[in-house]
Amino acid sequence: MSGSSLPLVARLLSGFCHDHGLALQLDAGLGHAGYIEAPNGRRSCFIGTRFDLNPMGASELVKDKAYTAEFLRRNGLPTPDDTLLLAAAYRDRLYRARPEYLAGAYQGPDMAEAFATKTGFPLYLKPNTGSGGKDVERVDNSSALSLALARLSETHETLLLQQAVTGADLRLVCLDGRILCALLRQPATVTGDGVTDLRTLVQQKKRTDADLARIERHLMSTGRALTECPEAGEDVTLLPLTNLSAGGTATLLHPDKLSISLKEACLSAGRTFGLRYYAVDLIAQVPEHVDAPFHILEINSAPGLAELHRQGGTSAALAEEIYQEVFLAIKRDLLED
């Protein structure tokens with residue numbers, strides 16, 4: 001496999017290891033996994049963007065959104081209200097094996113409706129262990145909630161129903177007690193020209209892995225249809241999420257522009273789980289104001305930067321700088337006494 005066809009991490013690692021006297025072994029197929037070896041024989045493994053920097057237990061725990069929110073709240077960090085729901089088939093299977101798990105908790109539609117009544121709409125329904133914004137749906141009424149719950153229960157055993165909070169959508173990437181970057185994320189949009197219908201505009205859009213049916217559901221929830229032609233210059237939001245893998249875009253923010261309380265909360269979130277390299281996704285009403293409210297949505301223990309890199313320019317340069325910092329941390333671990 002040529003160097004130019006390697007994934008971003010492997011490509012950057014190849015140059016780093018060459019410059020720092022380290023050996024790099026990659027899988028022969030995709031270059032997606034491998035290990036770095038120091039002259040002293042120590043090795044550090046990786047797969048994709050999952051490095052040996054984080055403890056395995058911590059990495060597994062933060063994949064679970066409900067557990068993550070629970071422990072963040074226990075440590076005084078703000079998260080949106082939520083409730084964990086079990087798909088019917090999984091709930092029945094769990095009940096047969098461990099009925100004590102379901103003693104008045106983790107129910108399905110009834111609990112979802114009770115939570116909606118208490119919290120109000122809109123709400124977000126998402127896989128409890130998903131990533132990249134896959135299958136995340138915003139629901140604005142009871143009918144939409146019932147349909148989304150039935151649809152997602154077909155492919156996911158556990159779901160998280162979460163209060164919607166408003167503000168700037170941020171991702172902060174952290175390493176060893178430092179904030180390496182802050183991103184302001186915006187959802188996927190298309191811009192009308194007064195002639196082309198939304199279906200065609202969506203099909204012409206690059207950098208989104210969302211299927212058309214999902215986009216159509218969101219457009220319908222906002223009173224729009226794929227057959228209509230937006231006015232020239234009109235921006236139309238395609239999805240209710242900002243993940244770059246779903247077509248979102250990121251604007252770079254200097255961490256110094258963010259409030260001290262917000263930055264400290266992100267570092268505290270990492271300490272809560274003993275993570276070294278991670279990203280915190282949060283919503284902040286006024287990110288630069290120290291007393292403005294914010295809510296932590298989730299933590300990612302293997303933040304990928306390939307989509308940020310694809311934006312080019314300063315975004316690509318920043319992604320490469322962050323990976324250099326990560327690789328240096330790995331090198332220090334390998335060479336420490």
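The values are calculated or read from the model by the stated rules, or taken from the named source; none is laboratory data. All of these numbers come straight from a predicted model, not from anything done at the bench. Cβ sites come from the backbone with ideal geometry, for glycine too, and all protein chains shown count toward neighbours. Side chains are part of the model used for accessible areas, which takes the heavy atoms of the whole protein and leaves out ligands, DNA and RNA. Shrake-Rupley method; radii C 1.70, N 1.55, O 1.52, S 1.80 Å.
Evaluation of Thr196 against the conditions (1) at pLDDT 95 or above; (2) farther than 26 Å from Glu60 by Cα; (3) open to solvent by 40 Å² or more (accessible area, probe 1.4 Å) shows that the sole unmet condition is (3). Can you find a residue in the stretch 166-177 that is touching a residue at least 60 places away in the same chain (Cβ under 8 Å), more than 19 Å from the chain's Cα centre (by Cα) and farther than 30 Å from Leu318 by Cα? Within the stretch 166-177, not a single residue is touching a residue at least 60 places away in the same chain (Cβ under 8 Å), more than 19 Å from the chain's Cα centre (by Cα) and farther than 30 Å from Leu318 by Cα. Of the listed requirements (1) of a type in the set (Gly, Ala, Ser); (2) within 20 Å of the chain's Cα centre (by Cα); (3) on the phi < 0 side of the Ramachandran plot; (4) open to solvent by less than 20 Å² (accessible area, probe 1.4 Å), Gly247 misses just one: (3). Among the residues of the stretch 285-302 satisfying the criterion of being crowded, with 20+ Cβ neighbours inside 10 Å and of a type in the set (A, V, I, L, M, F, W, C), which is nearest to the chain's Cα centre (by Cα)? Ranking the qualifying residues of the stretch 285-302, first place goes to Ile299.
Checking Leu305, Leu282, Leu334 one by one, the residue that is in contact (Cβ under 8 Å) with a residue 40 or more places away in the chain, over 20 Å from the mean Cα position of the chain (by Cα) and open to solvent by less than 20 Å² (accessible area, probe 1.4 Å) is Leu334 and no other.
Residue check, Pro78 against (1) buried (at least 16 other Cβ atoms within 10 Å of the Cβ); (2) closer than 30 Å to Ala292 by Cα, all met but one. Which one? Pro78 satisfies all of (1) buried (at least 16 other Cβ atoms within 10 Å of the Cβ); (2) closer than 30 Å to Ala292 by Cα except (1).
Among the residues of the stretch 205-221, is there at least one that is outside any helix (DSSP H, G or I), under 19 Å from the mean Cα position of the chain (by Cα) and crowded, with 16+ Cβ neighbours inside 10 Å? Taking every residue of the stretch 205-221 in turn, at least one turns out to be outside any helix (DSSP H, G or I), under 19 Å from the mean Cα position of the chain (by Cα) and crowded, with 16+ Cβ neighbours inside 10 Å. Look at the stretch 59-74: where a residue is within 20 Å of Leu85 (Cβ to Cβ) and a partner is open to solvent by 90 Å² or more (accessible area, probe 1.4 Å) and part of a helix (DSSP H, G or I), sitting 6+ places away or on another chain with Cβ atoms under 7 Å, you get Leu61/Tyr67. Count of the stretch 126-171 residues, restricted to those that are touching an Asp or Glu at 6+ places or on another chain (Cβ under 8 Å), among the hydrophobic types (A, V, I, L, M, F, W, C) and under 22 Å from Ala279 (Cβ atoms), is 2. In the stretch 142-157, the residues that are open to solvent by 80 Å² or more (accessible area, probe 1.4 Å) reach residues that are in a helix (DSSP H, G or I) with C-beta atoms within less than 7 angstrom, at least six apart or across chains, in these pairs: Glu157/Tyr90.
If you go through the stretch 316-330 one residue at a time, how many are open to solvent by 50 Å² or more (accessible area, probe 1.4 Å) and farther than 18 Å from Leu172 by Cα? Count: 1.
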